[in-house]
Amino acid sequence: MLVLGIETSCDETGVALYDTEAGLVADSVYSQVDLHAKYGGVVPELASRDHVRKIIPLLGELFDKAGRTPRDLDGVAYTAGPGLIGALRVGAAVGRAIAWGLDVPAIGVHHMEAHLLAPLIAPADDQRPAVPFAALLVSGGHSQLVGVEAMGRYTLLGESLDDAAGEAFDKVGKLLGLGYPGGPAVAAAATGGDPARFSFPRPMTDRPGLDMSFSGLKTAVANTVRDLAPLGDQDVADVARAFEDAVVDTLAIKCRRAARQTRCRDFVIAGGVAANKRLRRRLTDSLAGLDEPVRAIFAAPALCTDNGAMVAHAGALRLAAGERAGLAIETRARWRMTALAPLETADR
Ligand code: KG4
Ligand code: ZN
């Protein structure tokens, strides 16, 4: 089954073709980063308009690259939520219309489920997580610990009570004058930083539970930046390093707790922040070091940040299970993963 995936929930226009037999066929992503950079964050209306401008040319480029035509499609998957509602409407309307025009089934995909399942896109055989497993989802909009009891059946173990981890990276990037998005820029600056010069709090690690909070950490960074101003390059690097260490440490503590609580053997880490190299190394080591060793599983870094491949893949699984969207174009700014139908029994 050849499935077209469309992702437009935020500031990346992503399209991809995924074949349930052959795997990922082709993938194209257009990032709106330059458009939003001067505002220091995503401007929703500009995002919607740019998706409108880019999506049709990007689809043309995708089919050319793959040497396929829309007639080859057996289904269409689009991100239906959660995300920026105007941005979601663009991808959903285009996806639903293509499916209707070709008379093939369509499916609205949950963005965070697409992130969560991304490590299953062409993994080596020994890298497939076995259910039940636990997952850390860390993106610009969400920080959640999730129990995966069966494919499609999720329980929320804990979540950020305020900022998402990626959002904290973005805000700290802004405080340090590193531009938008902050994640990759803060990580790059941190490589030259002294880990011993500053120490920031590890929020909510001194009490039991799996909820998280990152806004106090951002405030601690803001206070340090204010005291240091004006910052030289080494100051920026040192603050970036201490901040990255605090986030990575906090997430590692929470993941170890979640692993012990769920007694899982595999732990998936997904979402944009999962592209962070220090986080990947640290979680791999700290989960492997538990009394009952747990394996950390990540998607390839390019599939951690928003892309169409993860949407095509998650949509293909749900379409193959018999799930179908109706003709109405349905999108949701907010949508709990726990409300999804289990994948095995999905036949709407
Ligand atoms: O999953 P994603 O592409 O979009 C959302 O669903 O939000 O995640 C984007 C977030 C941004 O906050 C970005 O700063 C962060 O992921 N990010 C990173 C890295 N690459 C992206 N954070 C830390 N280190 C990175 N290397
Ligand atoms: Zn995302």
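With R₀ set to 30 Å, the beta-carbon distance separating TRP100 from ALA333 gives a calculated FRET efficiency near 0.80.
Against the empirical curve 2.2 N^0.38 Å, the C-alpha radius of gyration of the chain lands at a ratio of 0.98.
Result for the chain in a Gaussian network model with C-alpha springs under 10 Å: among ALA93, ALA47, ALA296, the largest mean-square fluctuation is at ALA93. Each label was represented as a point 7 Å from its Cα along the Cα-to-Cβ direction; for VAL33 and ALA300 these points are 1.8 nm apart.
HIS142 contributes an accessible area of around 50 Å² to the protein surface, as traced by a 1.4 Å probe with all chains present. The value for the stretch 59-154 of Rg(Cα) / (2.2 N^0.38 Å) is 1.27. In nm, give the distance between the simple-model label positions of ARG265 and ASN223, each being 7 Å from the Cα along the Cα-to-Cβ direction. Label at ARG265, label at ASN223, 4.6 nm between them. Here is the size of the stretch 40-79 from its Cα atoms: Rg then Dmax, 13.4, 41 Å. Working note: Cα gyration tensor of the stretch 128-298, eigenvalues times five, square-rooted, sorted largest first, giving semi-axes of 29, 15, 14 Å.
List the trypsin sites (Lys or Arg not before Pro) in the stretch 188-290 that DSSP assigns to loop (not H, G, I, E or B) and whose Cβ has at most 14 other Cβ atoms within 10 Å. Which are they?
Numbers: sites: ARG197, LYS218, ARG226, ARG241, LYS254, ARG256, ARG257, ARG260, ARG263, ARG265, LYS277, ARG278, ARG280, ARG281, ARG282; in loops: ARG197, ARG263, ARG265.
Of the trypsin sites (Lys or Arg not before Pro), the ones in loops of the stretch 188-290 whose Cβ has at most 14 other Cβ atoms within 10 Å are ARG197, ARG263.
Which FRET efficiency, nearest 0.05, do ARG281 and GLU21 yield, Cβ-Cβ r, R0 22 Å? Efficiency, rounded to the nearest 0.05: 0.05.
Which net charge results for the neighbourhood of ARG278, defined as the other residues with beta-carbon distances under 14 angstrom from its beta-carbon, given Lys and Arg at +1 and Asp and Glu at -1? Once all neighbours under 14 Å are counted, the net charge is +1. Axis of helix 44-66 versus longest Cα principal axis of the chain: the two differ by about 60°, to the nearest ten degrees. Here the 3J(HN,Hα) profile of the stretch 23-38, calculated from phi with Karplus coefficients 6.51, -1.76 and 1.60 at θ = phi - 60°, is x, 6, 8, 7, 8, 9, 10, 10, 9, 8, 3, 5, 5, 8, 3, 6 Hz, Gly and Pro shown as x.
Hey, any idea what the orientation-averaged projected area of the convex hull of the stretch 235-348's Cα atoms comes to, in nm²?
Seen from a random direction, the Cα hull of the stretch 235-348 projects 9.7 nm² on average.
Helix content alone sets the calculated 222 nm mean residue ellipticity of the chain: runs of n ≥ 4 DSSP H residues at -39500 (n - 2.57) each, divided across all residues, give -13000 deg cm²/dmol. In this structure the amide hydrogen of ARG295, modeled in the peptide plane, comes within under 5 Å of the amide hydrogens of ASP266, PHE267, none closer than 5 places in sequence on its chain. For the stretch 252-348, what is the accessible area per residue in Å² when the probe is 1.4 Å? For the stretch 252-348, the per-residue accessible area is 48 Å².
The values are calculated or read from the model by the stated rules, or taken from the named source; none is laboratory data. The structure presented is a predicted model; accordingly, all values stated were derived computationally and were not measured. Glycine also receives a Cβ, built like all others from the backbone with ideal geometry; neighbour counts cover every protein chain displayed. Please note that ligands, DNA and RNA were not included when accessible areas were found on the heavy atoms of the full protein model with its side chains. Shrake-Rupley method; radii C 1.70, N 1.55, O 1.52, S 1.80 Å.
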